[in-house]
Amino acid sequence: MRVIRDGRSVTVDVTSDGAGLVSHAGTALLAQVAGELGLTRALSLGLAGLKARRRGHDPGRVIRDLAVMLADGGECVSDLGAQRDQEGLFGPIASDSTAFRVIDRVASEPGSLEELRLAHARARERFWELHGAPERLTIDVDATLITAHSEKEKAAGNYKHGYGFHPLMSYADETREALGGLLRAGNAGSNTVADHRTVLDRALEQIPAKHIEDLQILVRADTAGATHGLTDYCREHNMRFSVGYELTEQVRSAILQIPEDAWVSALDQDGSERKNGQVCEITDRVDLSSWPERSRLIVRRERPHPGAQLSFTDQDGYRFQAILTDQPDENIAVLECRHRQHAHVEDRIRDDKDTGLSKFPFKEFALNEVWLEIVMLAHDLIVWTQALALTGELAKAEPKRLRYQLLHVAGRLAFSGRRCKLHLQDTWPWAAELRGAFQKLRALPAPAG
């Protein structure tokens, strides 16, 4: 083997006599965050009844380790080996069979999955105490298709002629946290009211009790959310809604009657006028009597990018989109711009597909439901770590980049008496950021009481 050093080719002799070397050193950050936020303890207390033997592995700790494994890039239970083979850094890790049995017990024991969600909510409450609660909360709801490559319970064909599952997810836009998810068969409907209600119920249960009454909540969804059941649900729970609206014949007719001077410029995310796009409110031109009182209909038009294929709903070279909302803001450009931010949910789902969501590894549906909850734990461990310990680009980096720059960094453990020091390569460009992240976590105040 040869490498380049100081511009010269150098022959490398490979030996296996190193001591204290560990890889994935930065992944210990995630486990430490779980400890600092009380997630590990809450899981241990909530799932204590699942422990089969006094000396066996703590089920809560096993779930925590699985979440850390997924955040680290694992895809299945056997990927726990990346932590298990480095006991000096991660401590004792359950075997694959033990981890599987814990998931099976959580799935089969009544109330266990709810205890897992409750532990997640308690850790979120602690995070909001440390980082600060958002002044308003936008819950983005969206579904995604997950392909199954083998026969699994409730896997089914979907509308895109694939085969697998069709989970429905919800995220907090302001904090990027995962609030709730519902695993569904591949042939589940996109606009099923009961499913949207279930996901929003789980999302609301994740909001700390001290904030739920005063927090202004907006529910955003695409056209799948434009159902009377969902908008009525939002009104019943004192939440605003902003959902995509189908371009019906009535809507298209109303658009054609809009005078040119009624269109106003759309806005970009920074508040500046958008070069391509105008908006107009047509509430008075369309019958909305069947929708909740004070509902409003806003349309946007824009020129498609060169080469885009127009559809029969496009007129005069414009592409139109409509949103239904009950927000009282007078500036319709602000409302439309706010709705476009629903696209952030695609980023959250893409991140989760890189953090365990892309594969449901079990044949039994109930076990895959537990897997989905662990995926959301992994999602939040990354988000919480970034918010509490990282700054700059690393605070917003996607999982793949975060793993390369921090989580998968190698180091050397040096033990002296009862103390241990983790040595990082001083020339690694992000060594200082990783060291600083550990220091920030150590400096977090202890919870009251």
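I'm trying to understand the selection: among the residues of the range 310-327, which are in contact with a Phe, Trp or Tyr (Cβ under 9 Å, 6 or more places away or on another chain) and modelled with pLDDT of 65 or more?
Within the range 310-327, Gln321, Ala322, Ile323, Leu324, Thr325, Asp326, Gln327 qualify.
Failed condition for Gly26, given (1) in contact with a helix residue (DSSP H, G or I) (Cβ under 6 Å, 6 or more places away or on another chain); (2) open to solvent by 90 Å² or more (accessible area, probe 1.4 Å); (3) not aromatic (Phe, Trp, Tyr), with all others met?
Among (1) in contact with a helix residue (DSSP H, G or I) (Cβ under 6 Å, 6 or more places away or on another chain); (2) open to solvent by 90 Å² or more (accessible area, probe 1.4 Å); (3) not aromatic (Phe, Trp, Tyr), the lone unmet condition for Gly26 is (2).
Give the residues of the range 65-100 that are open to solvent by 20 Å² or more (accessible area, probe 1.4 Å), among the charged types (D, E, K, R) and touching a residue at least 12 places away in the same chain (Cβ under 8 Å), sorted by residue number.
Within the range 65-100, Glu75, Asp96 meet the criteria.
Find the residue count for the range 328-356, including only residues that are assigned to a loop (DSSP other than H, G, I, E, B) and either closer than 23 Å to His379 by Cα or modelled with pLDDT of 95 or more (or both). Show your work before the answer.
Filtering the range 328-356 down to residues assigned to a loop (DSSP other than H, G, I, E, B) leaves 328-331.
So of that shortlist, the ones also either closer than 23 Å to His379 by Cα or modelled with pLDDT of 95 or more (or both) come out as none.
Total satisfying the criteria: 0.
Which of the residues belonging to the range 256-307 are assigned to a strand (DSSP E or B), open to solvent by 50 Å² or more (accessible area, probe 1.4 Å), over 14 Å from Gln321 (Cβ atoms) and touching a residue at least 24 places away in the same chain (Cβ under 8 Å)?
The one that is assigned to a strand (DSSP E or B), open to solvent by 50 Å² or more (accessible area, probe 1.4 Å), over 14 Å from Gln321 (Cβ atoms) and touching a residue at least 24 places away in the same chain (Cβ under 8 Å): Val264.
Counting only residues that are in a loop (DSSP other than H, G, I, E, B) and without any contact (Cβ under 8 Å) to a residue 60 or more places away in the chain, which one in the range 29-57 is least open to solvent (accessible area, probe 1.4 Å)?
Gly56
Mind listing whichever residues of the range 145-163 are crowded, with 17+ Cβ neighbours inside 10 Å and closer than 30 Å to Lys396 by Cβ?
Listed by number, the list holds a single entry, Ile146.
Applying the selection to the range 197-248, what residues are among the charged types (D, E, K, R) and assigned to a strand (DSSP E or B)?
The answer is Arg220, Arg240.
Which pairs have Cβ atoms under 6 Å, sit 6 or more apart or on different chains, and link a residue in the range 1-20 that is β-branched (Val, Ile, Thr) to one that is assigned to a loop (DSSP other than H, G, I, E, B)?
Pairs found: Val3/Val12; Val12/Met1.
From (1) in contact with a Leu (Cβ under 9 Å, 6 or more places away or on another chain); (2) over 30 Å from Leu297 (Cβ atoms); (3) not aliphatic (A, V, I, L, M), pick out the condition that doesn't hold for Glu174.
(2)
Does Ala395 satisfy the criteria of being under 21 Å from the mean Cα position of the chain (by Cα), open to solvent by 10 Å² or more (accessible area, probe 1.4 Å) and of a type in the set (Gly, Ala, Ser)?
yes
Please work out which residue is nearest to Ala178 (Cα to Cα), limiting yourself to the range 196-255 and to residues that are open to solvent by 60 Å² or more (accessible area, probe 1.4 Å) and of a type in the set (Lys, Arg).
Arg197
Any residue at all in the range 370-386 that's of a type outside the set (Val, Ile, Thr) and open to solvent by 40 Å² or more (accessible area, probe 1.4 Å)? Lay out the reasoning, then the answer.
Start the filter on the range 370-386 by keeping residues that are of a type outside the set (Val, Ile, Thr), which leaves 371-373, 376-381, 384, 386.
Those still in the list that are open to solvent by 40 Å² or more (accessible area, probe 1.4 Å) too: none.
Checked against the condition, which is being of a type outside the set (Val, Ile, Thr) and open to solvent by 40 Å² or more (accessible area, probe 1.4 Å), the range 370-386 yields no hits at all.
Can we say Asp352 is surrounded by 21 or more Cβ atoms within 10 Å (Cβ to Cβ) and among the acidic types (Asp, Glu)?
yes
When you check Phe320 against the structure, is it touching a residue at least 12 places away in the same chain (Cβ under 8 Å), in contact with a Lys or Arg (Cβ under 6 Å, 6 or more places away or on another chain) and not in a helix (DSSP H, G or I), yes or no?
Criteria met by Phe320.
Got a sec? Which of Lys359, Lys363 is of a type in the set (Lys, Arg), modelled with pLDDT under 95 and in a loop (DSSP other than H, G, I, E, B)?
Just a single option satisfies the conditions, and that option is Lys359.
The values are calculated or read from the model by the stated rules, or taken from the named source; none is laboratory data. Everything numeric here is computed off the predicted structure, so don't read it as measured data. Cβ sites come from the backbone with ideal geometry, for glycine too, and all protein chains shown count toward neighbours. For the accessible areas, the whole protein counts, side chains as well, though only heavy atoms, and no ligand, DNA or RNA atoms are used. Shrake-Rupley method; radii C 1.70, N 1.55, O 1.52, S 1.80 Å.
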